Amino acid sequence: MRDVVTKYLTNSISRRGFLDNLKLAGMTVTAAESVLTSLNVAAQTTANPESSNSTPAVKTFQGSGGACFAEQLIACGVKYVFGNSASEDAQFYDALVDRPQLNYVLTPHEGPGAAMAAGYIKASQEPAIVMQAGAVGLMNAMGQVFNAYKEQTPLVIYSYRTDQSKRAGRDGFEEIANQEQVLQPLTKYSWMARGPSMIAETTRHAFKSAWTPPHGPAYLTWHSDYTDEKTRTEIIQQSHFDTRMRVRPNPVEIERAAKMLLDAKMPVLIVGDEIYKAKAVAKVVQLAEMLGMPVTQMRQMWVNFPEAHPLWVGNAPSGTLASITWPKNYDLAINIGNKMQHNGNQPIVARNVKFIDMRIDYQNMGKVMATDVPLVGDVALGLDDLITALEQLMNAKSREIAAQRTIEVKKYTDRARLIFTGIVNNPEWNNSPLIADRVTWEVAQFADKDAIVVHEAGSVAMHSFNFNPVGGRELFYYYGGHLGSGVGTSAGVKLARPNQQVICLVGDGSFLFGPHALWNMARLELPVITIVYNNHAYAGPHTRAIANVPSGRMVETGQFVASYLGNPDMNMASIAQGFGVKAEVVNNPLELKQALARAKLATLEGKPYLIDVQVVRRGIGWTEQPWIPSIKGTKQRARKV
């Protein structure tokens, strides 16, 4: 009995496994459930004891609204505050002087600042906040708040109301009505504190909402005079208000899912970001290996399964299960933690395929796809229970079926990997300017074995890295899609993970939306290597526009008004140098190899580095000298001024 209790408390066996052991020992179901409830209460008490140190769980604080804000941020576990300069937050800035545990990261632009905060949160899984100067600063940050909303990142955003409480509603300087409602569609919680005494409570609500699964951003605001006013309020420690619950799926549904998986002839496993967040990659690998299931992934932020694993059949290229190359004869799909973003009319999983859906994102379950077994819960706990149920149901025959299926999947993946090695035989492999695949391949050969790659390089394929979220290389992908996140995200990731190489891969168009965090890299000594795929074009939108009107006048005349970024060409290395980051332009594969070596030396000295790689434009309609509109200001002037 003691051994069983120890195994349960150390997470060595699941809830179901614990109950089964007690029943085998002769206990009734009711008695076993009672023991389990008592253990859970005891474990929670042990894990969250009343603090015996100098920091009480609840304390009364008296001071300015800004000081109350700082105190509650510290109690929420915040270490970094990302923000732009805002005079109305002066009392908050003043409070920081005597609170060195709260670090203010000054960002030169609100958009990349929000991306930096989100990057830090995603890499550390710790709370942070981003601040802007009133409604005007908020507008600059909204694109990255959109990304946080789509990516389900628990980013907390604050900006004051420039209008003070005694003159609000007069259409004053920087005033907009109902400021808290501006972000309402993009947040889980959006609220204005109604007085200085409510600042701490509103802050707690924001962090509680953002970090309660499924995660998402939260916004808080108040009239700027509340930050200056003296008040008396309660400060409560995060451990005493945060409900980061871990929910187990319904055990009856777990049983149904296990039986359905064993009955399937070719089940396919879809993985997603909830696995990464729950640190459950090893568990999902175990599930795949138990059943010999081929594994794929729809668009997500992270790679959630080791890409070198023989059961990994690659990402679904067109966002539906039908778009995977192999297998085509699947009869069941199980999703573990993927958001399942639909970008077309057809459901990701076809109606004639049985579907099991396990994730905490209950709001999106069953919205589009017919779901045979819904498993709402923490995917780590759900995987524990599902694996336990399968172990109890599997026999010699089912294990033999799984083994044969593993052999079949491995035949495909071995063949696919062998075919891919032929990428180096591309006749353009040594060309100058470089093809995008050569750039990616060179960076993959160069990158550390545990490097973090932040990808905002448009349609560039992330091949050759063999990403592995368990101790190997990791990918941070721009899932949200609002451009300008790459450089800021990389800076935030490096702040959170100083002991890992961070490489930012960004397209020239994306780079121009948010290079400002290069300055933060230089100032804070965040040695990120930034690689710009510079083809002097919006290549992705160019290709998609042609796909929409393939026989239109643009293609006929070669007049593409929204694609070409040349004449004159923009020098991204010069932009980087303006922010204090050493940089260079490269034109061929040899120069790229040499530049990567110099970049590594710079990062060893704590310095960021940027490489502006000249990449060839590919696709319909491109010429050596693309057409540009004949708009010339000099032709329109009557005199030379």
Exercise. With (1) in contact with a helix residue (DSSP H, G or I) (Cβ under 9 Å, 6 or more places away or on another chain); (2) open to solvent by less than 80 Å² (accessible area, probe 1.4 Å); (3) in a helix (DSSP H, G or I) as the list, and T413 as the residue in question, which single condition is left unmet?
Worked result: (1)
Exercise. Looking at region 539-548, which of its residues are surrounded by 11 or more Cβ atoms within 10 Å (Cβ to Cβ) and over 17 Å from G507 (Cβ atoms)?
Worked result: I546
Seminar exercise, completed: Among strands (runs of 3 or more DSSP E) completely within region 182-280, the ones holding 1 or more residues that are of a type in the set (K, R) and surrounded by 20 or more Cβ atoms within 10 Å (Cβ to Cβ) are none
Exercise. For region 460-482, what are the residues that are within 22 Å of D437 (Cβ to Cβ) and assigned to a loop (DSSP other than H, G, I, E, B)?
Worked result: V460, A461, M462, H463, S464, F465, N466, F467, N468, G472, R473, Y478
For this session: Could you check I401 against (1) in contact (Cβ under 8 Å) with a residue 12 or more places away in the chain; (2) under 21 Å from N338 (Cβ atoms); (3) aliphatic (A, V, I, L, M) and say which number it fails?
Result: (2)
Exercise. Any residue at all in region 288-304 that is closer than 26 Å to V252 by Cβ and among the charged types (D, E, K, R)?
Worked result: yes
For this session: Could you check how many residues of region 287-339 are at positive phi and surrounded by fewer than 20 Cβ atoms within 10 Å (Cβ to Cβ)?
Result: 2
Exercise. Do you know which of the residues in region 147-181 that are open to solvent by less than 30 Å² (accessible area, probe 1.4 Å) and aromatic (F, W, Y) is nearest to G484 (Cα to Cα)?
Worked result: Y158
For this session: Could you tell me whether region 623-636 includes any residue that is under 29 Å from R497 (Cα atoms), part of a loop (DSSP other than H, G, I, E, B) and touching a strand residue (DSSP E or B) at 6+ places or on another chain (Cβ under 9 Å)?
Result: no
Problem set entry | Candidates M358, M365, M340, filtered to the one that is free of Cβ contacts under 8 Å to residues at least 12 places away in the same chain, under 22 Å from the mean Cα position of the chain (by Cα) and more than 13 Å from L291 (Cβ to Cβ) | M365
Problem set entry | Matching residues, region 367-395, being closer than 16 Å to T320 by Cα and open to solvent by 50 Å² or more (accessible area, probe 1.4 Å) | K367, V368, A370
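The values are calculated or read from the model by the stated rules, or taken from the named source; none is laboratory data. Note that the structure is predicted; figures quoted are calculated from it, not measured. In this analysis, Cβ positions are derived from the backbone assuming ideal geometry, glycine residues included, and neighbour counts consider all displayed protein chains. Protein only, heavy atoms only, side chains kept; ligands, DNA and RNA dropped before computing areas. Shrake-Rupley method; radii C 1.70, N 1.55, O 1.52, S 1.80 Å.
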